[in-house]
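The values are calculated or read from the model by the stated rules, or taken from the named source; none is laboratory data. Quick caveat, the model's predicted, so the values are computed rather than measured. We place every Cβ from the backbone using ideal geometry, glycine too, and count neighbours over all the protein chains shown. For the accessible areas, the whole protein counts, side chains as well, though only heavy atoms, and no ligand, DNA or RNA atoms are used. Shrake-Rupley method; radii C 1.70, N 1.55, O 1.52, S 1.80 Å.
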Amino acid sequence: MKYVFKKRRVRWFVWLIDQIGFKCFRRRKRQDDLGKTFLVIRVDHLGDVVLSEPFFRELKNQRPETKTILITTDQGKAVLNQRPDIDEIIAIQASWFSPSKRFVEKFWGKFRDWISLICLIRSIDCDVIIDLRGDFRHILASKIAKPSAWLISYGITGGGFLLDCEAP
């Protein structure tokens, strides 16, 4: 299976949800002209953000006319701030990557930050959304915020049925 979960029952459950989703939702047909503005979500740990630098270089080489907007963490913004192939960088608080001890902080803080991500994506004028992590939370937030935008990501944590194009 393509899912990254270690527990077999979790992989099976996510696969089942994806299968139901594929039956209920139809993917759009491929477009040749995706648009002029790409929103890239790379809300991740610092090492993963650094390893995404070649992606931005290649995107600008293949589509030099596009505007690239990146949503990342504060640390990611500090590292990628001087990249000439990224037009705009927006830093957000992603508490779902930081551990918290209390359940109330853990749940409501993470939910509040996730809702903020949805509001931020909704406020950005973009044609294509690319999530470089393949995180179900990012995929769902993108689909809720911009249902008409072309959504590209990996389906490794579920939600592949929400994608318009699943990256290999």
Integer Hz, Karplus 6.51/-1.76/1.60 couplings in order for the stretch 141-157, x for Gly and Pro: 4, 5, 5, 5, 6, 9, x, 8, 6, 6, 10, 10, 6, 9, x, 7, 10
Radius ratio Rg over Rh of the chain, counting only Cα atoms, Kirkwood formula for Rh: 0.96
Whole-number percent relative contact order across the chain, with pairs defined as alpha carbons under 8 Å at least 6 apart: 28
Rounded to whole Hz, the Karplus (6.51, -1.76, 1.60) HN-Hα couplings of the stretch 60-77, x for glycine and proline: 5, 5, 7, 9, x, 7, 7, 9, 10, 10, 10, 9, 8, 7, 4, 5, x, 5
Highest-fluctuation residue, 40, 50, 128 considered, GNM on the chain with Cα pairs under 10 Å: 50
Fraction of accessible area attributable to carbon and sulfur, the chain (%, probe 1.4 Å): 57
Sites residue 115 and residue 148, calculated FRET efficiency, Cβ-Cβ separation with R0 22 Å, nearest 0.05: 0.60
Point-to-point label distance, residue 62-residue 81, nm (Cα→Cβ direction, 7 Å offset): 3.0
Residue with peak Gaussian network fluctuation, the chain [Cα springs, cutoff 10 Å], from 127, 33, 135: 33
Separation in nanometres of the label points that stand 7 Å from Cα toward Cβ, at residue 74 and residue 122: 2.6
Per residue accessible area in Å² of the stretch 4-45, where ligands, DNA and RNA are left out and the probe is 1.4 Å: 83
Segment residue 50-residue 13, length gained on full extension (0.36 nm per residue, minus Cα span): 10.1 nm
Residues of the stretch 50-168: accessible area per residue with a 1.4 Å probe, Å²: 51
